[in-house]
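See structure below.
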Amino acid sequence: MTDGWGTIVAALIAVAAAFMGIVVGRATTKDQAAVEHEQWLRGQRQEAYVEFLAVWDRGLEELLDHLHTLNNWNSLMDDWEGDPESAREQTYESVAAIPATVKAPRERVLLLGPDDVDGLADSMLTDIIGMHNALLEHLGETLVLASARQRFQEAYERGVENRDEWLRRVKGVLRTAPKPT
């Protein structure tokens with residue numbers, strides 16, 4: 001009977017070891033999958049963040065160029081031989097298209113998160129739209145240039161602050177190493 005108990009105990013130990021091996025193996029695989037997913041997500045975020053920032057900066061630069069053009073509109077029109085209304089329409093169309101260029105990269109940021117980065121990306125788009133609206137209202141002659149410039153400046157300052165805060169948060173997201181859950 002002692003030999004029978006020894007065999008049973010040995011079999012139980014083997015079953016327990018196999019079970020523990022399965023549990024540990026599954027946990028290791030799950031942790032590895034979580035880390036790989038986090039690495040993939042971090043790479044996707046990095047691409048989305050870089051694209052969004054580049055498009056946002058380009059949109060801001062275009063808006064600043066248009067503001068500069070409007071500041072010098074009278075002297076430009078004096079030297080220009082074309083139809084001033086045609087120039088106004090071209091400028092209006094160019095300014096009107098800028099927010100749409102920022103929306104698509106922002107949507108990719110929203111898909112990848114996290115929420116605090118999403119909120120700032122939304123704010124940055126709102127700031128671009130604020131500058132855009134000020135210029136369009138001036139071009140539509142509902143705002144005098146001084147008022148448009150003031151509204152533009154306020155949206156610009158908020159935009160620069162939001163951009164700096166967004167960069168700070170994005171650095172935190174991208175510099176955090178993936179960990180198993």
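Brief remarks follow.
- Simple label model, 7 Å out from Cα along Cβ direction - Thr176 to Thr7, nm: 5.7
- A Förster radius of 41 Å combined with the Cβ-Cβ distance from Ala17 to Leu110 puts the calculated FRET efficiency at roughly 0.30.
- Normalised by 2.2 N^0.38 Å, where N counts its residues, the alpha-carbon radius of gyration of the stretch 128-181 equals 1.76.
- Remark: spin-label model distance Ala100-Glu157 equals 3.2 nm, labels positioned 7 Å along the Cα→Cβ axis.
- Distance-filtered residues of the stretch 141-173 - backbone nitrogen under 13 Å, label point 7 angstrom along Arg88 Cα→Cβ: 141-145
- Between Leu145 and Asp65, the FRET efficiency from the beta-carbon distance, with R0 = 22 Å, is close to 0.90.
Here, each number is a calculation from the coordinates, and none is a lab measurement. This is a predicted model, so every value here is computed, not measured. Virtual Cβ from ideal backbone geometry, glycine too; neighbours counted across all protein chains shown.
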